[in-house]
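Colleague: Sharing a structure, written as structure tokens. Questions coming.
The values are calculated or read from the model by the stated rules, or taken from the named source; none is laboratory data. All figures in this text were calculated on a predicted structure; none of them were measured in a lab. Here the Cβ positions follow ideal geometry from the backbone for every residue, glycine too, while neighbour counts run over all protein chains shown. Heads up: the accessible areas ignore ligands, DNA and RNA and are worked out on the full protein's heavy atoms, side chains in. Shrake-Rupley method; radii C 1.70, N 1.55, O 1.52, S 1.80 Å.
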Amino acid sequence: MGNVRKVLLVLLVVLFMLFVLFMLLSGFYTDLLWFQSLGLSSVFWTAIEAKVGVFLVFSLLFLLFFLTNLLIARKLSGWGGFFLPDQRSYITSGMVNVVVVVAALILSLMNGLGAIGQWDTMLRYLNQRPFGVLDPIFSQDVAFYVFTLPVYRFLRGWLMEVFVFALLGSAALYLVSQLASWKQFSLWLTRKASLHLAVLGALLLLVVAWGYKLSAFELLYSSQGVAFGASYTDVHARLLAYNLSFWAVILCVLLLLGGVAAKRPWILAVGGGLWLVVALGLGGVYPAFMQQFEVQPNELFKERPYIEYNIDLTRRAYGLDQIQEFDFGSVAELTAEALAEAEPTIRNIRLWDYRPLRDTYAQIQEIRLYYEFMDVDVDRYYLDGTYRQVSLSAREMATDQLPSRTWVNERLQFTHGYGLAMSPVNEVTPEGLPELLVRDLPPRTPPGLEITRPELYYGEKTDNYVFVNSTIEEFDYPSGDQNITSTYEGEGGVVLDSPLKRAAFAYRFGDVAIVLSEYLTPESRVMIYRNIHHRVRQVAPFLLFDADPYLVIVDGRLLWLQDAYTVTSMYPYSQPYHDRFNYIRNSVKVAIDAYNGDMIFYVVDDQDPLIQTYAAIFPDLFSPLDEMPDALRAHVRYPEGLFIIQGQMNNAYHMLDSTVFYNQEDLWAVAHEIYAGSDQPMEPYYVTMKLPGEEKEEFILMQPFTPAGKQNMVAWMAARSDGEHYGKLLSYKFAKQELIYGPLQIEARIDQDPDISGRLSLWRQRGSQVIRGNLLVIPIGNSLLYVEPLYLQAETARMPELKRVIAASGERVVMANTLQEALASIGGAPVVVTEEGEESEEGVEAAGLHDLTLSALEHYARAQEYLQEGAWAGYGAELEAMRRDLERLEETTR
């Protein structure tokens, strides 16, 4: 009976240990299954092997050194057991040995765990690639600072920790060995023990000395001067202090070892005193004295070369040295001929701002409560042979909006979104709504935009895990009073073909239904990390990802394109961006299949040393850009996130002259605009236009700039996206002696126009919310066109309708029903784009007469309404507006 109990006890212990092991490894196991399902298991194992390797190396080295020194101390102490001072408790040498070993194991384990976080730092160090750029102070390749210096900094801290623990542990053992003599107060050390502690102290001091050498390199990240990086004082005072402190510490090492060997340890005080004098005098007083009395009275002269280093290396780090600068020349008056020549640009002027358009999409295309449009993106497609700029948004599944939120509904049935909404950026229906190209369920598309796989299993809203290929068919889309269902036909997700897999995922998600549900079969698949923001970060946490992925249609499938950046904060002399990094490249674009979840990381900048290093670490993760299909490559666009960073850095770093930079004489700022009634910086915007000197229109990202503290426009910057020109940056500067209206000045002129302000006031009085969209500045030849859409939104529904378009150029500001009417007035001759893309003056003239007549009748009808209500102010305003329409009508018919 006793044997049975023992066997049962052993079995219970074994089962408990297996359960604990299962709990500890379930996350590891499910992540491995996920990486295997993507064909990226080598990425997973590379990271795991690096973490395990770092842990073993540093924990074993710590254990070896720490335990060796404690054993040396144990041997040199030369004692066996002893009584504690109470003379009752006897401590044996074996008990002390056990304590020593256990302490060494625990400390080495903690040390190894602390080092695991450096796995990627070590891999970058071992696979580093040169930058081909030398720093101006020490003539080291930038790769030394980016890849090697972080490892040295870590090793310095680690060695300090090792030597401190070894020194304290050894000293503690020597102290314990003297416990028997405490009552006589006769603590002492043997000569060998003293020499042992002296050697450990010397090693600790050598690490301190090495730290001074590393601190010298870190001067290249100094923020003490007028520009980021080593300043005059850093190079001529602090660098000297670090070098002398290094030798002072070396002297302390020699005096420590020599003093202990000669039984005169007091002579260490001589070295310590010298070290203190150098550290405080040269390290603190001398730099302050030099800065105050030598540098500040001659700051520009002294700091000039260091300012130039900062300008040069900052421009390199952010790619600003690749910006091609041009003079825009004198701004000419916008004419009808210029507008006619720019017809492809006019056709693609964005009238639909992404914020009101998202609300409008939600009202007319979400169709059911459980669908949601997360964001609206801008892209371009060839439609009927014409290059068209479009807005589009994915129709994603919002399971939190389901009327009945059961496990079956959320995990098995409502698993995916469906299709998208797409509309040209400047087409409007008579009701003020977008003219949809792709709409409804199932998607109705024009030729060339056919969608064969509209299901969206992966997106920006897909935060939960789901199961496909269960015995329950999935909801596909609604059709009248019925729901169309489907079964997943792809290869996405992890196959649940074993009880172990189901149990592992059940424990991971805390969802016992995964084990108990009879709806799941061996053919079922679980989809995790479905949110594309999380998905790409799970595979490549070492990359920085753009906040705005966008959906594209490629050969009937829906793909997400996600921009990724390589960054570092270790580029010498480069000004940090918001204390986050000081080097950035858009080296990777990730294509994510919205149906299968497959990811391909394309390298778009193979000259970047950081991505070269990562490609060496993870050779199976990255693919060359040449392997990207042409149909997908046609939708690659310059990322807005990188453009914003480069624009903000270029505000100061376009100044190449050190004197101008020092005085900040030509500092720029992002232009401001009025959006929805508030002043805010302009966001970069995509536009299709013909760049000066080019033969055809192209898809670019642009942003206007003003002088800091001023409102007039001083320049505009553009990034090209099409074909071989992808990634090229351009900057066009306006003549400084010429006043060029900035966006905020145009906004002020709009507010001051009596016709426009009167109309806006009238709409507001009638209870409508007036939304002023983004003001776009669009170069047309050597002229400038400003366009701002106006939307009306009823108080009872969030469905903005585009009702008017404001256009401005030079001294003229016009508000009209359509862009064509506004341009007709601006250009001095009526011009409108017909369906064939040809200009028709007669068509516009007729349209203008018709619209003026309708406007006058509308004002008359509203005036009668105000008359009946006794609202005399509104009555007068409507009569005044009708009078203006009639005067314009009379002028037009002359």
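Colleague: Looking only at region 470-486, decide whether some residue is touching an Asp or Glu at 6+ places or on another chain (Cβ under 8 Å), assigned to a loop (DSSP other than H, G, I, E, B) and on the phi > 0 side of the Ramachandran plot.
Modeller: No, region 470-486 has no match at all.
Colleague: Right, something else. Testing Y662 on (1) within 26 Å of the chain's Cα centre (by Cα); (2) open to solvent by 40 Å² or more (accessible area, probe 1.4 Å), one condition comes back false. Which one is that?
Modeller: (1)
Colleague: In region 258-275, what residues are within 17 Å of A241 (Cα to Cα) and surrounded by 13 or more Cβ atoms within 10 Å (Cβ to Cβ)?
Modeller: G271, G272, L274, W275
Colleague: For the list (1) within 16 Å of T706 (Cβ to Cβ); (2) touching a Leu at 6+ places or on another chain (Cβ under 9 Å), I need the number of the one condition that E683 fails.
Modeller: (2)
Colleague: Would you kindly identify the helices (runs of 4 or more DSSP H) lying entirely within region 797-894 that contain at least 1 residues that are exposed (fewer than 15 other Cβ atoms within 10 Å of the Cβ) and modelled with pLDDT of 70 or more?
Modeller: 841-869, 872-892
Colleague: Check L610 against each of (1) under 19 Å from the mean Cα position of the chain (by Cα); (2) of a type outside the set (K, R); (3) within 27 Å of L220 (Cβ to Cβ); (4) surrounded by fewer than 23 Cβ atoms within 10 Å (Cβ to Cβ) and name the one condition it does not meet.
Modeller: In the conditions (1) under 19 Å from the mean Cα position of the chain (by Cα); (2) of a type outside the set (K, R); (3) within 27 Å of L220 (Cβ to Cβ); (4) surrounded by fewer than 23 Cβ atoms within 10 Å (Cβ to Cβ), L610 misses (4) alone.
Colleague: Say whether the condition of being touching a Leu at 6+ places or on another chain (Cβ under 8 Å), more than 30 Å from Y583 (Cα to Cα), aliphatic (A, V, I, L, M) and surrounded by 15 or more Cβ atoms within 10 Å (Cβ to Cβ) is met by at least one residue in region 314-329.
Modeller: no
Colleague: Pairs needed: first member in region 512-532, in a helix (DSSP H, G or I); second member anywhere, acidic (D, E); C-beta distance under 8 Å; at least 6 residues apart or different chains.
Modeller: Hits for this filter: I532/E460.
Colleague: Could you identify the single residue in P779, P692 that is in contact (Cβ under 8 Å) with a residue 40 or more places away in the chain and part of a strand (DSSP E or B)?
Modeller: The unique qualifying residue is P779.
Colleague: Could you look through region 673-704, keep only residues that are in contact with a Lys or Arg (Cβ under 9 Å, 6 or more places away or on another chain) and small (G, A, S), and pick out the one that is nearest to R749 (Cα to Cα)?
Modeller: G677
Colleague: Please verify whether region 555-568 includes one or more residues that are in contact with a Lys or Arg (Cβ under 7 Å, 6 or more places away or on another chain), surrounded by fewer than 21 Cβ atoms within 10 Å (Cβ to Cβ) and charged (D, E, K, R).
Modeller: yes
Colleague: So, one more: I'd like the full set of residues that are touching a Ser or Thr at 6+ places or on another chain (Cβ under 7 Å) and surrounded by fewer than 17 Cβ atoms within 10 Å (Cβ to Cβ), limited to region 330-343.
Modeller: Of everything in region 330-343, those that are touching a Ser or Thr at 6+ places or on another chain (Cβ under 7 Å) and surrounded by fewer than 17 Cβ atoms within 10 Å (Cβ to Cβ) turn out to be A332, E333.
Colleague: Would you point out the residue of region 500-532, among those that are closer than 23 Å to A394 by Cβ and of a type in the set (D, E, K, R), that is least open to solvent (accessible area, probe 1.4 Å)?
Modeller: The selected residue is R530.
Colleague: Is it true that L251 is under 17 Å from Y212 (Cα atoms), open to solvent by 30 Å² or more (accessible area, probe 1.4 Å), among the aliphatic types (A, V, I, L, M) and over 48 Å from the mean Cα position of the chain (by Cα)?
Modeller: So L251 fits the description; yes.
Colleague: Still on this model: Across region 708-731, what is the total count of residues that are open to solvent by less than 10 Å² (accessible area, probe 1.4 Å) and in a loop (DSSP other than H, G, I, E, B)?
Modeller: 2
Colleague: Also: Within region 533-553, how many residues turn out to be part of a strand (DSSP E or B), within 29 Å of S470 (Cα to Cα) and open to solvent by 10 Å² or more (accessible area, probe 1.4 Å)?
Modeller: Looking only at that region, the number is 1.
Colleague: Any residue at all in region 727-746 that's closer than 26 Å to L320 by Cβ, touching a Pro at 6+ places or on another chain (Cβ under 8 Å) and among the hydroxyl-bearing types (S, T, Y)?
Modeller: Yes, region 727-746 contains at least one residue that is closer than 26 Å to L320 by Cβ, touching a Pro at 6+ places or on another chain (Cβ under 8 Å) and among the hydroxyl-bearing types (S, T, Y).
Colleague: Do you know which residues across region 208-232 are in contact (Cβ under 8 Å) with a residue 40 or more places away in the chain, buried (at least 19 other Cβ atoms within 10 Å of the Cβ), among the aromatic types (F, W, Y) and assigned to a helix (DSSP H, G or I)?
Modeller: Scanning region 208-232 gives F217, Y221, Y232.
Colleague: Test of understanding: among R453, R444, which residue is open to solvent by 30 Å² or more (accessible area, probe 1.4 Å), of a type in the set (D, E, K, R) and modelled with pLDDT of 95 or more?
Modeller: R453
Colleague: Okay, next question. Collect the residues in region 285-310 that are under 30 Å from A202 (Cα atoms) and in contact (Cβ under 8 Å) with a residue 24 or more places away in the chain, keeping them in residue-number order.
Modeller: Y286, P287, listed by residue number.
Colleague: Mind listing just one residue for me: the one in region 746-760 that is open to solvent by less than 40 Å² (accessible area, probe 1.4 Å) and touching a residue at least 60 places away in the same chain (Cβ under 8 Å) and, of those, farthest from V770 (Cα to Cα)?
Modeller: Going through the qualifying residues, I end up with I746.
Colleague: Have a look at F705, F661 and point out the one that is among the aromatic types (F, W, Y) and either under 23 Å from A342 (Cα atoms) or in a strand (DSSP E or B) (or both).
Modeller: F705
Colleague: Here's a follow-up. Out of curiosity, is S108 modelled with pLDDT under 95, open to solvent by less than 20 Å² (accessible area, probe 1.4 Å), over 30 Å from L313 (Cα atoms) and in contact with a His (Cβ under 8 Å, 6 or more places away or on another chain)?
Modeller: It is false that S108 is modelled with pLDDT under 95, open to solvent by less than 20 Å² (accessible area, probe 1.4 Å), over 30 Å from L313 (Cα atoms) and in contact with a His (Cβ under 8 Å, 6 or more places away or on another chain).
Colleague: For region 122-143: of the residues being open to solvent by less than 30 Å² (accessible area, probe 1.4 Å) and either of a type outside the set (A, V, I, L, M) or touching a strand residue (DSSP E or B) at 6+ places or on another chain (Cβ under 8 Å) (or both), which is farthest from A47 (Cα to Cα)?
Modeller: D135
Colleague: Being open to solvent by less than 30 Å² (accessible area, probe 1.4 Å), assigned to a helix (DSSP H, G or I) and among the hydrophobic types (A, V, I, L, M, F, W, C) is true for just one of V235, V295. Which residue is that?
Modeller: Exactly one residue qualifies, and that residue is V295.
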